[in-house]
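Here's the structure, in structure tokens; my notes come after.
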Amino acid sequence: QVQLVESGGGLVQPGGSLRLSCAASGTIFSIYTMGWHRQAPGKQRELVAAITSGGSTNYADSVKGRFTISRDNAKDTVYLQMNSLKPEDTAVYYCNAGGTDSSRKYRPTVWGQGTQVTVSS
């Protein structure tokens, strides 16, 4: 059974940085597309970033140029480096794993428990 465990969330001031980590177990990590979603209070969950097994990445427009997703297949871990954080980045961030459909859209099938990120002065 695949398990994903996030870490690295917390409280940070606007303009600050955080790095989220997600450790996977119980699977062949390298074959999966990995992603990060987030959900703010009263809002729908949205895709923040994803990275394929080959290292191709895509980002939500709202985080392009500020966030970077990466993976270390030797450590079965995916990261989300978040710079220049804004109050609107405040949300619960979820790590996930899955594949892509026929239209190459990322379809997560396994989710972590989430980690809170709060951007506030």
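The values are calculated or read from the model by the stated rules, or taken from the named source; none is laboratory data. None of the values given here were measured: they were computed from a predicted structure. Please note: Cβ atoms are built from the backbone with ideal geometry, for glycine as well, and neighbour counts cover all protein chains shown. Each accessible area value is taken on the protein alone, full model and side chains, heavy atoms only, with ligands, DNA and RNA left out. Shrake-Rupley method; radii C 1.70, N 1.55, O 1.52, S 1.80 Å.
So here's what we get for this one:
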quantity	calculated
Cα lying deepest toward the dipole's positive end in the chain, options G99, T77, V117, charges on Cβ	G99
Dipole magnitude of the stretch 70-121 about its Cα centre (Cβ charges: Lys, Arg +1; Asp, Glu -1), debye to nearest 20	160 debye
Probe 1.4 Å, protein heavy atoms only - accessible area per residue of the chain in square angstrom	53 Å²
Length released on extending from S103 to K43, taking residue separation times 0.36 nm less the Cα-Cα span	19.0 nm
Percent carbon-and-sulfur accessible area, the chain, ignoring ligands, DNA and RNA, probe 1.4 Å	46 percent
Cα centre as origin, Lys/Arg/Asp/Glu Cβ charges: the chain dipole, Debye	160 debye
Whole-number percent relative contact order across the chain, with pairs defined as alpha carbons under 8 Å at least 6 apart	35 percent
Quotient of Cα Rg and 2.2 N^0.38 Å for the chain, N being how many residues it contains	0.99
